[in-house]
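Take a look at the structure set out below.
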Amino acid sequence: MEPTARAFWLRSPGHGEIREHTVPEPAEGEVLVRALCSGVSRGTETLVFRGGVPQSQYAAMRAPFQEGDFPGPVKYGYLSVGQVEEGPSSLIGRTVFCLYPHQTRYVVPADAVTVVPDGVPAARAILAGTVETAVNALWDAAPLVGDRIAVIGGGMVGSSVAALLARFPGVRVQLVDADPARAGIARAIGADFALPEEAKGDCDLVVHASATDAGLARALELLRPEGTVLELSWYGDRRVSVPLGEAFHSRRLVLRSSQVGSVSPARRASRTYADRLALAFELLADPAFDALVTGECAFEELPDVLPRLASGEIPGLCHRVLYTAD
């Protein structure tokens, strides 16, 4: 008898529900995974929840194991950590990470899961996709020893970038956010903190991850002449005002994008997606990343919790979802 599972679905923008699924027996080369925890990728998933994916990006925004289509009904998500119950003997009992939506059990190809290293707790491993985004961003940005850097936007991605930059020797890295509560997160990851109006200028590099017009404008203001803003925000269907007048041209500023969907051109010839994810897990051995998980709930609570995450009623960064054995 095929086992059943429960999955979170976005029924329509702003309305989620839990549905039952029949889980097939794994075929040769597949694994059956029982979820232990998953993470809500706050920026992207709340935008999806609100129905903010523009039609032109429906194909580009599909998650690897997404079911349904935007704006809904759709099963969406990509930060799942679980334990392999069936499959190749080398994987049975192992804790693995998979780019799968929020679901209690699922079957995927064995090569779609990555074994979580022993030094990384399952509860922290949900950050792997976000740290992978940060790794790709730094491959794009190519910071140098001694650079003066600001990271604007202390969300999941911005804080992950700042945590990695804090490891660079001689670098001045400042996490900039309008919420003074983010100062504690900055301290935990080894970065300085500043409110936007207090941020230090003359930056060689500014990484922008606030997804706001004001944050992008401030990013450009903080640059030295010929400095670079690396844009990590994704705005969905919102139009953004970018101040490209004033001194943008005379100071020869650079504004460039970064996105995790492709390996950075700077490393594409020598690194694969698997290499990038393996590096993310190596970096996640640092317990400082625990500061990025700021809330949690039971899987059954997701239909009530996601609207509150999307509205900002529940603040914080990564929200962890816990699954009970069934």
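The values are calculated or read from the model by the stated rules, or taken from the named source; none is laboratory data. Everything numeric here is computed off the predicted structure, so don't read it as measured data. Note: ideal-geometry Cβ built from the backbone for every residue, glycine included; neighbour counts use all protein chains shown.
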If Ile314 satisfies every condition in (1) at pLDDT 95 or above; (2) over 15 Å from the mean Cα position of the chain (by Cα); (3) of a type outside the set (Ser, Thr, Tyr) but one, which is the exception? (1)
When you go through (1) assigned to a helix (DSSP H, G or I); (2) under 15 Å from Phe289 (Cα atoms) one by one for Asp111, which number turns out not to apply? (2)
Residue identified as among the basic types (Lys, Arg), touching a His at 6+ places or on another chain (Cβ under 7 Å) and within 26 Å of His319 (Cα to Cα) among Arg62, Arg42: Arg42
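Pick out the one residue from Ala291, Ala285 that is part of a loop (DSSP other than H, G, I, E, B) and either assigned by TED's automatic domain parsing to the domain that holds Asp111 or in contact (Cβ under 8 Å) with a residue 60 or more places away in the chain (or both).
Numbers: Ala291 fails: part of a loop (DSSP other than H, G, I, E, B).
Criteria check complete, one pass: Ala285.
Among the residues of segment 40-56 satisfying the criterion of being surrounded by 14 or more Cβ atoms within 10 Å (Cβ to Cβ) and polar (S, T, N, Q), which is nearest to Val131 (Cα to Cα)? Let's see the steps before the verdict.
Filtering segment 40-56 down to residues surrounded by 14 or more Cβ atoms within 10 Å (Cβ to Cβ) leaves 40-53.
When the remaining residues are screened for being polar (S, T, N, Q), the result is 41, 44, 46.
Working: Ser41: 12, Thr44: 15, Thr46: 19 Å.
Checked segment 40-56; the qualifying residue nearest to Val131 (Cα to Cα) is Ser41.
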If I filter segment 129-145 for residues that are modelled with pLDDT of 95 or more, part of a helix (DSSP H, G or I), aromatic (Phe, Trp, Tyr) and within 30 Å of Ala191 (Cβ to Cβ), do I get at least one hit? yes
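For segment 93-104, indicate whether the set of residues that are aliphatic (A, V, I, L, M) and closer than 28 Å to Thr22 by Cβ is non-empty.
From segment 93-104, those aliphatic (A, V, I, L, M) are 96, 99; that's our starting set.
Subsequent filtering for residues that are closer than 28 Å to Thr22 by Cβ retains 96, 99.
Yes.
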Selected residue [in the same structural domain as Asp118 (by TED's automatic domain parsing) and over 26 Å from Cys98 (Cα atoms)] from Ser311, Ser250: Ser311
Against the conditions (1) more than 16 Å from the chain's Cα centre (by Cα); (2) in contact (Cβ under 8 Å) with a residue 24 or more places away in the chain; (3) exposed (fewer than 14 other Cβ atoms within 10 Å of the Cβ); (4) part of a loop (DSSP other than H, G, I, E, B), where does Arg267 fall short? Just the number, please. (3)
